[in-house]
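Chemist: My questions will all concern the structure given below.
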Amino acid sequence: MIANKNSISAVTVILCYILLSFSMISAGETKPDDIIGVWVIEENGKPVEKIEIYKCGDRYCGKIVWIKQSDTTGNPLVDNKNKKKELRSRPLLGLEVLKDYRFDGKDTWRGGELYAHRKGKTVSPKLTLIDKRHLKIQIKFLFVKKSFVWKRVSS
């Protein structure tokens, strides 16, 4: 069977459509700065903290920009679980809790530290962007994995 001009044109249109589809898929890939923004941490479905992630040099860091006030005295909440006694009186609001994260080229940031002030411990979880609105924090300790999901605050 000899192909006519109409069938060649149809094949050309289909190939162009396929190529365009692939370019649109790659346009949706995660970029390093996609992690930048304010993320809310919830407990039992209620917000307890907001972390702002920002660029610090060629890496990514984050600080507490809002925290639910549970101190009935009205005093600023402090880092009272810190293992270093001299740091226990520092305010939590404004505290840098994420440090030195690097983008891995896919959808994950690694190599940094997260200070978990509720436990007074520093851990090194990987941060994975599930989608534009959800960030998974995955901590591994020996054979145990624990994950949390932070939600992006709408602007």
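No value in this document is a laboratory result; all are computed from the given coordinates. This one's a predicted model, so the numbers in the text were calculated from it and none came from an experiment. Heads up, the Cβs are rebuilt from the backbone with ideal geometry, glycines too, and the neighbour counts pull from every protein chain shown.
Chemist: Specify which residue in the list Leu129, Ser89, Thr108 is farthest towards the positive end of the charge dipole of the stretch 32-152, using unit charges on the beta carbon of Lys, Arg (+1) and Asp, Glu (-1), about the Cα centre.
Modeler: Ser89
Chemist: Quick one: 3J(HN,Hα) in Hz for the stretch 78-89, Karplus 6.51/-1.76/1.60 with θ = phi - 60°, rounded, Gly and Pro as x.
Modeler: Once rounded to whole Hz, the list reads 10, 7, 6, 9, 4, 5, 8, 4, 5, 9, 5, 9.
Chemist: Whose amide H sits under 5 Å from the amide H of Glu49, counting only residues 5 or more places off or on another chain, with H placed in the peptide plane?
Modeler: Ile41, Lys68
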